[in-house]
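Notes to accompany the following structure.
The values are calculated or read from the model by the stated rules, or taken from the named source; none is laboratory data. This one's a predicted model, so the numbers in the text were calculated from it and none came from an experiment. Neighbour counts are summed over all protein chains in view; Cβ atoms, including those assigned to glycine, are modelled from backbone coordinates with ideal geometry. Accessible surface is based on the protein model in full, side chains and every heavy atom, while ligands, DNA and RNA are left aside. Shrake-Rupley method; radii C 1.70, N 1.55, O 1.52, S 1.80 Å.
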Amino acid sequence: MMRPSSSMANMGKAYGNLKRYTPSRVTSGGSLLRRRASSANLSSPSRSVSRLSRRPSSSMSSISSSGSSSGDTNNNNNSVNYTGTIQVAVRPRPLQSSRSMWMINPEANCVYNRDAGEFFYDSVFTPEIDNTTVYTKSVEPVVSKCLEGFNATVFAYGMTGSGKTYSMQGNLGQIGLIDLCVKQIFRHFDITSQKGAQNKVTCSYLEIYNEKLYDLLNPETGMRFGRLSSLGMHSSGNSKEALRIRDDPLYGVKVVGLKEVDVSNASSLLRVIRRGESLRTTGGTDYNERSSRSHAIVLIHLFTKNAPDSPETVSTLCLCDLAGSEKAARQLERRQEGSYINKSLLALGTVIAKLSQGSSFHIPYRDSKLTRLLQPSLSGNSIISVLCTIHLSSQTFGETVNTLRFASRAKNVAYNVKRIQNVKSGYADKYVENLIKENEKLHGEIKQIKDEQVTKEELPSSFGKNKEQMAELVAENKILSEQLEHQKRLNEETVMEQVMNNNESLQKLIQIQIQYQIPDSRFEQAVLGLEQFGKTTMMKMEEMKSYILHLEHKLSEKEYNEAMKGKEDEEVAGKMEIEQLKRALKSKEIIIKALKSTKAMREMFKEPRQINNEIENRAAGGYLKTIDSNVQVP
Ligand SMILES: Nc1ncnc2c1ncn2[C@@H]1O[C@H](COP(=O)(O)OP(=O)(O)OP(=O)(O)O)[C@@H](O)[C@H]1O
């Protein structure tokens, strides 16, 4: 925790008393380069100048006195450039107690803390300063430039409860910066219209709530929102219609369907803005009873023609009251909102940091809706003034340091704004030409998306179906193969049955032969054939045993059951098959038994035959020899 030094004990009273400074650790010098992205203003004609621009020297950083204008390099006499860096002002909110951790010196435009160091800006205000003073010093010059035809952006940045809304919107006793802008614009137009100028003003108002864009001037969503609000459901924001952002060939970024209201004077513009403000999402937090839960952006479009035949100047004044960064709130809804707010502010911080470093790499504008919307302004196509509001208490030390660092980085971001005047000839053509191109591009994109959808939706699904069918076929094929195999075995079984019958007959014959001791070579051959058959049968039985095991195993397998799903009949058939095979095995065991007995009989038969042979050999000499030599014992 930071501890104020004794010399700082009375710092609350010491605003403006800081006399000596050391070089800032935080405030960067003016040697930074940054690459200007191809840019276009949110609601003004595209100015896609892409070049490296060096941060102007300090003398150039004041718009009112030193902003430099130079002739446009594209030889368009109607185009003028304005170069500078973001103007940064710091405004502390008055402290409840008299103790402050910070020293403020408005003469030196410095904020100081012993631990955090010194921070220098274009303007540093004391806490008691009013909105009008803030306006005169840091906003009025920007609006003046906007009235000359340059795009301008003013935004308030700071932690929750630090005074952003108080500054931008004001309160009952304090006129806000937005109102002061409106007054300045119409004061100027009143004067110029008396000199024959034609002016037109339109206004849009939107908020970014939980990373969604809502039109604060849309009566439909407004009414719906109002009704829900009266029911105490306003803060969900889900009922409101979210708007989309899209790239625009002419304006760089465009909010699709955002209402643009024509206003003829200051009071009607202020009425419109009040209406939008009333619809903005707010809620109570630990730091602020009426905390803004969204980033609110007012867009005032100015169209000026100094004479009926002179070109029209178009510029946009973008006024943003950002939601404040905050620590995790107790309430779930506040926490969720806070997380969106913090993420978008982080994205803004990252973009500002990259721009201030002169990064020529990718600037992550698309990381949040806020940076996406502010892209045309931040990418150098708008004069920017940032009002950073801070707390001076010790509890908010970390947040204050973060805000001051953000402010220091913003100070280094340069812009090179081009004023374009709508010359009758050429501009309209260019506009139409751009629209045609955009239209063609969109057609192409739609076609591509459709094609992709066809590919995504049809091919994979048909492929999926094929895959399913394939799996089914494989399973069916397996089942059919098994059935075929089964049939073959059944056939073999039938054959074997016949053989068994034959065997029985043969056995009978053998018995007769043994009984009557009839020497006959046919018996010999028959016995040998039976032996051979027995061997084959044994082999087949082994095969069948393993086949039965295989089938039983398969039946227990999940995959097999899956394939058999819905085919209970087949499952029953499988079981029957096993039963049949078991029966066949039993029969074959009987055959083997029979064959064994046949063999035994043969042995028995052989002995008397040998005896007989010997007798007969002796008697008839070699008769059976010929027969024996023909017999091949396996
Ligand atoms: N400079 C100031 N002078 C007097 N009162 C102030 C000042 N700044 C802020 N306040 C008061 O502090 C309270 C919070 O201010 P405000 O609502 O403007 O904060 P905020 O930064 O907009 O907060 P959030 O981000 O939560 O919306 C308000 O009651 C406001 O009147």
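Counting Lys +1, Arg +1, Asp -1, Glu -1, what net charge surrounds residue 170 among other residues with beta carbon under 10 Å of its beta carbon? Each step should come with its number before you reach the end.
Values: positive: none; negative: 130, 179.
So the surrounding residues net to -2.
Residue 89: net charge of surrounding residues, Cβ under 10 Å, Lys/Arg +1, Asp/Glu -1, itself excluded? Mind showing how you got there, number by number?
Values: positive: 91, 137; negative: 122.
For residues surrounding residue 89, the net value is +1.
What distance in nm separates the two pseudo spin-label positions at residue 582 and residue 525, each 7 Å out from Cα along the beta-carbon direction?
So the label points at residue 582 and residue 525 sit 4.2 nm apart.
What number comes out for accessible area per residue over the range 78-180 if the probe is 1.4 Å? Units Å², please.
Details: 3070 Å² over 103 residues.
Accessible surface, normalised per residue, equals 30 Å².
Could you tell me the center-to-center distance, by alpha carbons, between the range 345-404 and the range 184-210 in angstrom?
A separation of 27 Å, based on Cα centres.
Mind scanning 259/369; 145/369; 369/441; 137/183; 369/411 and naming the pairs with a C-alpha gap bigger than 20 Å?
Values: 259/369 18 Å; 145/369 27 Å; 369/441 23 Å; 137/183 16 Å; 369/411 23 Å.
Beyond 20 Å between Cα atoms: 145/369; 369/441; 369/411.
Just to verify a number: FRET efficiency for residue 194 and residue 96, C-beta to C-beta distance, R0 = 51 Å, to 0.05?
Working: r = 48 Å, r/R0 = 0.95.
With a Förster radius of 51 Å, E is 0.60.
Provide the gained length on full extension for the span residue 477 to residue 128, in nm with one decimal, where the gain is 0.36 nm per separating residue minus the Cα-Cα distance. Present the calculation step by step, with values, prior to reporting the outcome.
Numbers: separation 349, 0.36 × 349 = 125.64 nm, distance 8.89 nm.
Residue separation times 0.36 nm, minus the Cα-Cα distance, leaves 116.7 nm.
Kindly report the accessible area of the range 327-418 per residue (heavy atoms of protein chains, probe 1.4 Å, no ligands, DNA or RNA), in Å². Each step should come with its number before you reach the end.
Working: 3220 Å² over 92 residues.
Ligands and nucleic acids excluded, the result is 35 Å² per residue.
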